[in-house]
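Visitor: Got a structure here, written out as structure tokens. Questions coming.
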Amino acid sequence: MSKKGIKMTALMALLLGFGLLIPVTAHAQSGYKITSTQNVTPEPYHVANNIKSRYSWDKTHTKKMTILNQLGNLSLYVTQKVTMAHNGQKSTYFHVADTYGWDMGYVPTNSLVKGANPADDERPVYQPEPQSPWTGTATVPVKSVTKKNFPKLNKQLGKARYYQTTKKLKIKVPFTPYLGMGVVKVSVSLPAGTVVEAYRYSNQMCINGTTLDQRILNPGYSQGLWAQTDGIAYTEAKFFKRVSHPAYLPKSISHGDLYLGGLSAIRHSYSTLTKQSVQITSNGYVEVHQNQPWGRPIEYTGKPKTSVKIKRTRIKGHTRYLYLAKPLTGFKTTTVRYHGKHQYRLAFVNQQKTYTVTIPSDDDKLPMSCYGVMRFGGKTFFTSYGKVFYDD
């Protein structure tokens, strides 16, 4: 496979990882402003040993893009030299890109050294490519799964498992900057009785940190980072007990992640983000995210705009009624009481519609991704049911 093909396959693998999949975290205005820009002939640079800034930034200096000292042997290409003003002082930054011209953010000039990374054996030439995967116009082929065939598909999909803490615990959850390059493990607290989505491996509990609520994940959010979509937090299994599938979550093949739209949204989901997404957390919160359609998939796992605790769940047929202490802004909620913790009711309906997506590939048979369509608070959403991998 060509380097370009490898790159595209890796990109699709990233996009496919929905069970994966924050609004862009709202940071305060930094006060940084670009006052001058000088275009330069792209030349390779690498991170200095005595690095002065740990991160590369977006042009407003509000969003952390990469962790520079975790880029390995990657060479960066400087495309511009800019001056940024902040609090009456001026500093020079390099605008950098990777070999293919993908934007890697702005880096203080004293954090980079001219020349390719000495550890980079290949030292590829700068060859910018059209960034078409992010245009939002590309679609993927979608197939419908009949109710008759769904049970067979269901058996091939992994099932989420849930455990509950028996005491207050500290765990380290992986967080990442916006481009997903580099990891920071942030210590967070799990109160006693917290329900987590996890699996047990030997004497270790492997926890999906992205399904925890914002109060728990706030130590990472407050650093301007995003919960790593495929990151796992490890801790001792002896402090957990297995519990049944929480009633407020849909089928055990879903991770509670919902993305605005139905069939058409699934077709476009590999090239653009949905404007709104919802995460029903493992410990019983409804969290709403507002996303930038042209952003990165990491936006789905950042600090939510709204978080409301689910106080009670009642299941009737394929409908889950979620009872909340306050209405969920922007969604249809019914007032059922005038006081107490169960004043508002939101209907969560599984529409029993399932779809599959298989990305065409010349060299490899990529896994088939599966999705279900739901109605949540009067709006249509789709959720990831996971992937079916093929044997060689």
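The values are calculated or read from the model by the stated rules, or taken from the named source; none is laboratory data. This structure is a prediction, so every number in the text was calculated from the model and none was measured. Note that each Cβ is placed from the backbone with ideal geometry, even for glycine, and that neighbours are counted across all protein chains shown. Just so you know, the surface numbers come from the protein's heavy atoms only, side chains and all, with ligands and any DNA or RNA stripped out. Shrake-Rupley method; radii C 1.70, N 1.55, O 1.52, S 1.80 Å.
Visitor: So for Ile315, Ile171, what's the accessible-area order with a 1.4 Å probe, most first?
Guide: Largest accessible area first, the list is Ile315, Ile171.
Visitor: Mind checking which of Trp294, Gly317, Ser282 is farthest towards the positive end of segment 266-317's charge dipole, using Cβ charges of +1 (Lys, Arg) and -1 (Asp, Glu) about the Cα centre?
Guide: Gly317
Visitor: Another question about this same structure. Whole Å is fine, so just give me how far the alpha carbon centre of segment 305-334 lies from that of segment 33-98.
Guide: When both Cα centres are located, 45 Å separates them.
Visitor: Where does the charge balance sit around Val96 when Lys and Arg score +1, Asp and Glu -1, over other residues with C-beta under 11 Å from its C-beta?
Guide: Net local charge, Val96 excluded: -2.
Visitor: Same structure, new question: State the percentage of accessible surface on segment 261-392 attributable to carbon and sulfur atoms; use a 1.4 Å probe and exclude ligands, DNA and RNA.
Guide: Its accessible area is 47 percent carbon and sulfur atoms.
Visitor: Here are some pairs, Lys170/Lys238; Lys33/Lys81; Lys170/Lys241; Lys152/Lys387; Lys353/Lys379; which of them have Cα atoms lying more than 18 Å apart in this structure?
Guide: none
Visitor: Moving to a separate point now. Can you tell me the dipole magnitude for segment 51-158 around its Cα centre, using point charges on the Cβ only (Lys, Arg +1; Asp, Glu -1), in Debye to the nearest 20?
Guide: It works out to roughly 680 debye.
Visitor: Right, something else. Once Rh for the chain is found with the Kirkwood sum over Cα pairs, what is the Stokes-Einstein diffusion coefficient at 37 °C and 0.692 mPa s, in µm²/s?
Guide: Estimated diffusion coefficient is 145 µm²/s.
Visitor: Just the number, please: carbon plus sulfur as a percent of the accessible area of segment 57-174, 1.4 Å probe, no ligands or DNA/RNA counted.
Guide: C and S fraction of accessible area: 49 percent.
Visitor: Rank by packing, highest mean first: peptides 67-76, 116-125, with packing defined as the count of other Cβ atoms within 10 Å averaged across residues.
Guide: 67-76, 116-125
Visitor: Sort 283-292, 336-345, 160-169 for me by packing, meaning the mean count of neighbouring Cβ atoms within 10 Å per residue, highest on top.
Guide: Top to bottom by mean Cβ count within 10 Å: 283-292, 160-169, 336-345.
Visitor: What whole-number value in Å² describes the accessible area per residue of the chain for a 1.4 Å probe?
Guide: On a per-residue basis, the chain sits at 49 Å².
Visitor: Assigning unit charges at the beta carbon (Lys, Arg +1; Asp, Glu -1) and nothing else, what dipole magnitude in debye, to the nearest 20, does the chain show about its Cα centre?
Guide: Once rounded to the nearest 20, the dipole reads 2400 debye.
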